[in-house]
1. Per Stokes-Einstein, at 4 °C and 1.567 mPa s, what whole-number D in µm² s⁻¹ belongs to chain A, with the Kirkwood radius over Cα pairs as the hydrodynamic radius?
2. The range B:83-143 to the range A:446-492: how many Å between their Cα centroids?
3. List the residues, sorted by chain then number, that are 5 or more residues from A:His477 or on another chain and whose placed amide H is less than 5 Å from its amide H.
4. Between A:Asp292 and A:Gln257, what FRET efficiency comes out of the Förster formula 1/(1 + (r/R0)^6) with R0 = 30 Å and r the beta carbon distance, rounded to 0.05?
5. 7 Å from Cα along Cα→Cβ at both A:Glu466 and B:Ala88: what's the point-to-point distance in nm?
6. Near the amide H of A:Leu263, under 5 Å away, which other amide H atoms are found, from residues 5 or more places off or on another chain, if H is placed in the peptide plane?
7. Beyond 25 Å between alpha-carbons counts as too far, so tell me which of A:Lys161/A:Lys208; A:Lys2/A:Lys403; A:Lys224/A:Lys403; A:Lys204/A:Lys314 fall in that bin.
8. How large is Rg/Rh for the range A:396-440, to two decimals, with Cα atoms and a Kirkwood Rh?
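Rule-based calculations on the coordinates, nothing more; no lab input. Everything numeric in this text was worked out from a predicted model, so none of it was measured. Cβ: placed from backbone, ideal geometry, glycine included. Neighbour counts: every protein chain shown.
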Amino acid sequence: MKRFALDDDSVVVIVGSGAGGASVARTLCRRGIDVVMLEAGPRLSPAQFHQDENAAFQQLTWLDRRRASGNWAAARFAPQLPLLTVKAVGGSTLHWNGLSYRLQEHEFRPLSHYGRVAGASLIDWPLSAAELAPYYDRAEKQMGVSGRHGLPLTATNNNYKVLYNGARRVGYRRISNAGIAINAGPRDGRPGCLQMGFCNQGCKISAKWSTLVASIPEAEATGKLELRDQCMALQLEHNDRDRVTGVIYADRHGRRQRQRARLVCVAGNAVETPRLLFNSASSRHPHGLGNDSGELGRNYMRHTMALGFASFDKPVNMHRGITTPGAVFDEAGHDGGRGFAGGYLIQAASLGLPTLAGLLQPGGWGADYAAFLARYKYLAGALMNGEEMPRRENRVSLLDAHKDQYGLPIPNVHVDEHPMSESMRGHFHRRVQAIYQAVGASEYRAGTTVAAAHNMGTCRMSARPEQGVVDSYGCSHRIGNLFVSDGSQFPSSGAENPTLTIVALAMRQADHIAAKMIRREL
Amino acid sequence: MRSMHKRRRLLLKLMLAAGLLAAGAAVSPAVPAAAPAAALTRDQLRTLAALVADLFPHAALDQSHYQNVVAALTRLLGDAGQRRLIIAGLAQLDGAAGRRWRERAPAQRLARLKQLESAAFFQLLRYHSMQALYSDPAVWALYGYQGESLSKGGYLQRGFNDLDWLPEPGVEAGQ
């Protein structure tokens, strides 16, 4: 394996090995650029993954201390575990379900399209759908997204069949199982899906795309990547010309190291990315590195989520097969008449019995609750993934009084939901109840997602430097060789799952970096 | 080893504080291994079993399923703070009315549990009972959750699309 010296200042250092970091690395390496990648978690083999919800949670989840505040469910039910992200090589591409949908054209200009929304900090993206389209194409081909570019569809399962038929009967017409980064048959050195039903726990056969089994080995094959796992980035260093010069990190033995760098890309997910920049504050950057605007850590967004489950007279067996096998897109657009800005997707989604017991009704107990769980074999499930309004007050900040294992202040994640989130949930539940009743459901239950799996904002891109942290390429408005490469860049969440957009933005960023390096501008 | 132990303790505290679950994943009961079986009296154990059945009543389950849960709960006693909480909680259930918990009428027990819902011992026992009960393969078997599937080749040849009471989905553009 390639090794670079700690004092080699010609390398690009990438913090994080998930969708953003690994996609930048793969593109740079294939352009002949040397990369050192730091990943806080261990490098696991897919054979080590667990088809057991509890064991997989323990194995994959980022469990370092965090706090939650505000009016969101995590502050109430999981105040020390508000996010569901992964600490391992591959990042959250290990537990994602492969849903790979493009943002809609209007979602790149939410302020223009929705108009001003009171209590929200909307801005338009500094790039258009057309500008990102070629990168979406590249990302879909590289990830093997089903139903795109001539790739076959994955087979549909029982849970999808229920949602599909119910949706048709209530008049929905845009229902599809296309757009999933799971192999229908063997492709790209990985096998076809066996419909095992544990997408969320790390796919043991690698039919599902992740950076662990695709981008990272592809980058390593170039001989240009050194991946250092179990290395936690602690601080970025800079000089008095506002250039980043290196990364201080704790290696797998807990020893502090300094890797010099020509350029740094940060992709630690929307909490760890701003946290690293806050922890890199200096006399020149007293409020965090590159935080001239004061927007660092702010405008944190999740997607607005909800779960709906229905009980039928005949078996469904929702756990068999792909966890999220397809979605209804008829509510994805913006329609001011519904009482909220933006739209949502209705995704068929299954949970195993242990997880369902926790999310059906957090804190739940009693005869009624138990009786619904006992219907497990007869249940169908759906998940809402909807646009969440950004708010300046929703933010990641540091709690100086509470230190982590490295002696650094732990992050607090504050969310006071915009009232539109609850309006959207109400709309979703009315629609999904109607869908399931149309195919004979006898009972409908609203479930609650607690921790946030989709995390965005906190270093948002903006045309005007005072409104964000980075430009449309993810480059810091202040520091020319500092990039943000993950979902932290998003100015708005859209209604679609974030990974495909993270990968497309990362490829665009990497092309931009490579072109500048060739021109000797970086 | 030490850091693993610390991690477990942390997780335990998380769950204590939270009573919780995260989107798409369950937290497993991470409890100290040492389980002093004799730490509870026979009466206390019977009250505990009755409480678990009150919280998650299932006609299809028998004593053995609930005993598995009680066994998981007794492992919580390895932590001194939790031990105090549980023993005081059981005393509260048994003591107040002069009659033992399990001898009181079901409606009376239910009303009392509703009052106790926010008590720390209630939340601790509710959370770990839920975790243990619905993570038990013997319970899964009764309700149709099939667990691990790779060893049997997934469901590709075993019914992932065997639902026969609705038509097959068509192929549409979607997005």
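1. Numbers: Rh = 23.0 Å.
It comes out at roughly 56 µm²/s.
2. A separation of 45 Å, based on Cα centres.
3. A:Val470, A:Asp471
4. Numbers: r = 29 Å, r/R0 = 0.97.
That pair, A:Gln257 with A:Asp292, gives E of 0.55.
5. 5.6
6. Distant-sequence amide H within range of A:Leu263: A:Val13.
7. The pairs that break the limit, which is 25 Å between Cα atoms, are A:Lys2/A:Lys403; A:Lys224/A:Lys403; A:Lys204/A:Lys314.
8. Numbers: Rg = 20.0 Å, Rh = 13.9 Å.
My calculation of the ratio gives 1.43.
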